[in-house]
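> Please find one structure pasted underneath; my questions will follow.
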Amino acid sequence: MSNDKPDSVTNPAAKLWGGRFSEATDAFVERFTASVTFDQRMALEDIQGSLAHAQMLSEVGVLSGDEYHQIADGLKEIAVEIEAGDFPWSVQLEDVHMNIEARLTERIGATGKKLHTGRSRNDQVATDIRLWLRGRIDRIGAELTRLQTGLVDLAEREADTIMPGFTHLQSAQPVTFGHHLLAWNAMLSRDFERLMDCRKRVNRSPLGAAALAGTSYPIDRARTAELLGFDAPTENSLDSVSDRDFAIEFCAFTALLLTHLSRASEELVLWASSQFDFIDLPDRFCTGSSIMPQKKNPDVPELVRGKTGRVNGHLIALLTLMKSQPLAYNKDNQEDKEPLFDAADTALDCLRAFADMVPALKAKKENMLAAAAKGFSTATDLADYLVRKGIAFRDAHEIVGQSVSFAIEQQKDLAELSLEQLQQFSADIGADVFEVLTLEGSVAARNHIGGTAPDQVRAACAQARMQIEGRH
Ligand code: ARG
């Protein structure tokens with residue numbers, strides 16, 4: 001079963017570019033080369049670009065005022081038709097650009113044929129992608145901000161909650177849960193900066209580059225750039241129609257963002273397990289098992305972790321797409337859209353999942369505290385205590401190592417040893433040692449910028465909030 005019509009059934013004159021062709025396009029080739037099934041997502045941006053182009057053409061006298069108004073009215077009606085889902089998309093018309101242009105002529109007559117004056121689909125498509133991507137960047141930025149706001153609020157609520165900090169996934173030193181959450185926020189802040197940096201390079205207008213060399217009409221590129229809200233026109237016409245580095249940068253952003261969300265997901269999955277049992281993920285973010293009645297699976301973080309592979313793939317797809325293309329436009333570039341669209345959709349969905357889920361996380365504080373108390377997590381504090389008593393750090397390290405080894409034999413934690421037992425390893429240990437062996441004392445002592453002390457976490461939350469609110 002295939003959709004193929006018999007070859008060459010279409011009339012070459014039906015194509016907008018049919019003039020020099022004597023034979024109709026092969027039906028398979030028509031389908032193979034068409035992009036309308038996916039690039040129709042940029043239909044409204046295509047119309048926006050056409051409106052600006054037509055307005056500029058009328059301002060410089062290439063179109064009359066009357067022609068411009070006919071074109072603008074026709075395009076606006078087409079936009080309504082598209083939004084209502086009534087537009088007759090046709091694969092024979094190849095892509096979104098030619099579908100809309102042909103429809104315009106169908107609706108307003110011969111004047112519609114003037115719209116393409118002084119431009120090419122090459123600068124048109126580059127403009128559409130940039131407009132579409134800019135819109136997505138702004139939505140993604142807003143969702144990232146929503147996630148960060150929820151994260152910082154949670155961090156503040158959990159500023160005093162003690163949990164084990166890990167290196168090598170082995171209990172290392174106690175930290176506060178708020179501090180851990182702010183580590184996620186720090187990653188996301190850099191992602192936001194990267195996104196905004198990428199936006200600067202996306203937000204330039206390639207319109208006027210035409211097919212590759214520019215156009216002989218007296219166009220005003222700065223005017224179309226201004227009408228479309230771009231910061232400025234792009235520079236070189238050959239580069240303008242060919243490079244997709246702005247899309248690659250965006251995919252690099254999504255790959256890093258998802259890498260960060262995936263790391264956080266991995267932690268959520270671990271913490272939700274009965275072995276860790278640090279958090280409760282609300283039921284609405286989990287699913288059950290069809291065979292094991294007891295199960296509550298953390299599907300949402302697992303899926304976010306899994307989707308990282310897909311956006312990483314899109315980044316590689318675009319890099320590979322670009323790598324051997326000679327200047328200027330090549331049809332290869334039609335392959336840029338599906339990876340780019342999917343990278344943007346995936347990033348937005350994953351951010352939404354996280355922004356909804358994070359504020360609903362419940363910390364199981366007693367379990368976190370009990371886990372932090374295990375594993376000799378205050379051993380470094382004991383070494384630092386000995387240093388304050390005048391012992392060199394390397395000697396202190398050795399003394400604490402012996403104490404830990406003794407405690408393991410006794411099946412006790414350091415704080416559970418008696419003063420006499422501790423003094424076997426150093427006569428400098430006094431009764432005040434038990435203050436530093438507590439978890440609260442340990443975290444409170446790390447009281448400097450970037451440290452885990454509850455006061456520092458609260459200060460860092462205030463700082464993070466100012467930074468987030470400084471975004472417009
Ligand atoms: N559908 C094409 C794309 O996505 C539009 C540009 C086509 N240009 C051309 N010269 N065939 O890239």
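> Read phi for every residue in the stretch 189-201 and hand back ³J(HN,Hα) as whole Hz from Karplus 6.51 cos²θ - 1.76 cosθ + 1.60, θ = phi - 60°, with x for Gly and Pro.
5, 5, 4, 4, 4, 4, 5, 5, 5, 5, 4, 4, 7
> Here's another thing I want to ask about it. So what's the stretch 370-472 giving for Cα Rg divided by 2.2 N^0.38 Å, two decimals?
Against the compact-globule rule of thumb, the ratio is 1.34.
> Here is a further query. How much length would be gained if the chain were fully extended between residue 284 and residue 331, taking 0.36 nm per residue of separation minus their Cα-Cα distance, in nm to one decimal?
Fully extending the segment from residue 284 to residue 331 adds 12.4 nm.
> Can you work out the Karplus-derived ³J(HN,Hα) for every residue in the stretch 160-172? Use 6.51 cos²θ - 1.76 cosθ + 1.60 with θ = phi - 60°, whole Hz, and x for glycine or proline.
9, 6, 9, 9, x, x, 10, 10, 6, 6, 9, 3, 10
> Under the 0.36 nm per residue contour assumption, what length would be gained going from the current alpha-carbon distance of residue 17 and residue 291 to full extension?
Going from the current span to full extension adds 92.7 nm.
> Next up: Dipole magnitude of the chain about its Cα centre, charges +1 at Lys/Arg Cβ and -1 at Asp/Glu Cβ only, in debye to the nearest 20?
360
> Quote the relative contact order of the stretch 52-122 in percent (integer), defining contacts as alpha-carbon pairs under 8 Å separated by 6+ residues.
30
> Here's something else I'd like to know. All other residues with a Cβ under 11 Å from the Cβ of residue 446 taken together, and with Lys, Arg as +1 and Asp, Glu as -1, what is their net charge?
-3
> How large is ³J(HN,Hα) for each residue in the stretch 369-380, as worked out from phi by the Karplus curve 6.51 cos²θ - 1.76 cosθ + 1.60 (θ = phi - 60°), to whole Hz, x for Gly and Pro?
5, 4, 5, 5, 6, 8, x, 6, 6, 9, 4, 5
> What is the fewest-to-most order of 285, 250 by other Cβ atoms lying within 10 Å of their Cβ?
Ranking 285, 250 by Cβ neighbours within 10 Å, fewest first, gives 285, 250.
> Here's something else I'd like to know. Taking the Cβ of residue 36 as the centre, find all other residues whose Cβ is under 14 Å away and add up their charges (Lys, Arg: +1; Asp, Glu: -1).
For residues surrounding residue 36, the net value is -2.
> Another one. Just how large is the dipole of the stretch 103-225 about the Cα centre, in debye to the nearest 20, putting +1 at every Lys and Arg Cβ and -1 at every Asp and Glu Cβ?
About 1160 debye.
> Moving on. Would you mind checking the radius of gyration and Dmax of the stretch 427-472 based on alpha-carbon positions, in Å?
Cα-based Rg and Dmax for the stretch 427-472 come out at 16.1, 60 Å.
> Using the Cα gyration tensor of the stretch 67-170, with a ≥ b ≥ c the square roots of its eigenvalues, what is the shape: rounded (a/c below 1.5), prolate (a/b larger than b/c) or oblate (neither)?
The shape class here is prolate.
> On to the next question. Measure nothing but the geometry: give the 0 to 90° angle between the long axis through the Cα atoms of 121-157 and the longest principal axis through the Cα atoms of the chain, rounded to 10°.
20
> Taking +1 at the Cβ of each Lys and Arg and -1 at the Cβ of each Asp and Glu, which of 164, 372, 64 sits farthest along the dipole of the chain towards its positive end, judged by Cα position relative to the Cα centre?
Farthest along the dipole direction, towards plus: 64.
> With the Cα gyration tensor of the stretch 285-380 giving a ≥ b ≥ c as the square roots of its eigenvalues, does the rule (a/c under 1.5 for rounded; else a/b larger than b/c for prolate; else oblate) give rounded, prolate or oblate?
Note, shape of the stretch 285-380 comes out prolate.
> Between residue 458 and residue 405, how high is the FRET efficiency from 1/(1 + (r/R0)^6) when r is the Cβ-Cβ distance and R₀ = 45 Å? Nearest 0.05.
Step by step, r from the Cβ atoms, then E = 0.75.
> On to the next question. Out of every Cα-Cα pair in the stretch 187-232, what percent are more than 18 Å apart?
45
> Give the value in nm², to one decimal: projected area of the alpha carbon convex hull of the stretch 292-339, averaged over all directions.
4.5
> Given H placed 1.01 Å from N in the peptide plane, which residues other than close sequence neighbours of residue 35 have an amide H under 5 Å from its amide H?
Excluding prolines and chain starts, which carry no amide H, the hits are 95.
> Sticking with this one: Once you treat every alpha carbon in the stretch 35-100 as an equal point and sum by Debye, what is log10 I(q)/I(0) at q = 0.15, 0.17 Å⁻¹?
-0.49, -0.61
> On the principal axes of its Cα set, how long, how wide and how thick is the chain? Give whole Å, largest value first.
Dimensions of the chain along the principal axes of its Cα atoms: 100, 52, 39 Å.
> Relative to a virtual label point 7 Å from the Cα of residue 231 in the Cα→beta-carbon direction, which members of the stretch 112-132 show backbone nitrogen distances below 20 Å?
Correct set: 126-132.
> With point charges of +1 on the Cβ of Lys and Arg and -1 on the Cβ of Asp and Glu, referenced to the Cα centre of the stretch 63-127, which listed residue (96, 82, 124) lies farthest in the positive direction of the dipole?
124
> Regarding the stretch 142-283, what is the average projected area of its C-alpha convex hull, in nm²?
12.0
> Okay, which of the stretch 435-472 sit inside 11 Å, backbone N to the point 7 Å along the Cα-Cβ direction of residue 384?
What the label zone holds, given the 11 Å backbone N cut-off, is 436-437, 441-448, 451-453.
> Charges at C-beta only: +1 for Lys and Arg, -1 for Asp and Glu. How large is the resulting dipole of the stretch 408-472 about its Cα centre, in Debye rounded to 20?
620
> Run the helix sum for the chain: -39,500 (n - 2.57) per DSSP H stretch of 4+ residues, divided by residue count, reported at 222 nm to the nearest 500 deg cm²/dmol.
-19000 deg cm²/dmol
> Farthest toward the dipole's positive end in the stretch 221-333, which of 333, 272, 222, given Cβ charges of +1 (Lys, Arg) and -1 (Asp, Glu) about the Cα centre?
333
Quick note: the coordinates plus some simple rules give every number you see, no bench work behind them. Keep in mind that this is a model prediction, so the values were computed, not measured. Cβ sites come from the backbone with ideal geometry, for glycine too, and all protein chains shown count toward neighbours.
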